[in-house]
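Following: one structure in structure tokens, then a few remarks.
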Amino acid sequence: FKFLYPLDMSIKEKIATIAREIYRADGVTYSEAAEAKIDLYTRQGFASLPVCMAKTQYSFSDNKLLKGAPTGFMVSVDDVRASVGAGFIFPILGSMPTIPGLPTRPCYFDIDIDTETGEITGLM
């Protein structure tokens, strides 16, 4: 296995390399929030982590309406998050919902049915 970029590149350089070489984008734009997170993660010493892009599955772009492998587009980075324990930075391209992680103790432990009354407890 070989990374597409040297790990000592900046976070922005890694994102731009992936956008250009894999997605065939003309460039990358960043929201203010994404710029702030990149600065934060760099100051915290996480800039050498690899980058794993989160984007729509419908296109190589960040726009699900640009089907297939378009060219001549800009990738929009709306947010950047770090999975430091897993060892990577993941930019969120365009508007993309993410799901939260699961709790360490599943909530079903607190749900019960009173067999006498049929009342369910622990749902709220």
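Here are some notes:
- Computed from the alpha carbon atoms alone, the convex hull of the range 1-44 holds 77 Å³ per residue.
- Dividing the summed -39500 (n - 2.57) terms of all DSSP H runs of n ≥ 4 by the residue count of the chain sets its mean residue ellipticity at 222 nm at -5500 deg cm²/dmol.
- Most mobile of Arg20, Arg105, Arg43 in a GNM of the chain (Cα contacts under 10 Å): Arg105
- When Rg and the Kirkwood Rh are both derived from Cα coordinates, the Rg/Rh ratio for the range 70-124 amounts to 1.32.
- Relative intensity, log₁₀ I(q)/I(0), of the range 1-118 from a Debye sum that treats every alpha carbon as a point, q = 0.15, 0.20, 0.23 Å⁻¹: -0.69, -1.11, -1.35
- DSSP beta bridges in the chain [antiparallel fraction, %, rounded to 5]: 55
- Per residue, the accessible area of the chain comes to 67 Å², computed with a 1.4 Å probe over protein heavy atoms only.
- Remark: the chain carries a charge dipole of roughly 860 debye about the Cα centre, counting +1 on each Lys and Arg Cβ and -1 on each Asp and Glu Cβ.
- Here the range 63-102 is described by how far its Cα atoms reach on the three principal axes: 35, 18, 16 Å, from widest to narrowest.
- Heavy-atom accessible surface of the chain: percent carbon and sulfur, 1.4 Å: 58
- Helix 11-21 and the longest principal axis of the C-alpha atoms of the chain enclose an angle of approximately 70°.
- The chain: angle of helix 32-43 to the longest principal axis, Cα-based, in degrees nearest 10: 90
The values are calculated or read from the model by the stated rules, or taken from the named source; none is laboratory data. In this text, all values refer to a predicted model and were calculated from it rather than measured experimentally. As a convention, Cβ positions derive from the backbone with ideal geometry for all residues, glycine included, and neighbour counts pool all protein chains shown. Note: accessible area is taken over every heavy atom of the protein model, side chains too, but ligands, DNA and RNA are not part of it. Shrake-Rupley method; radii C 1.70, N 1.55, O 1.52, S 1.80 Å.
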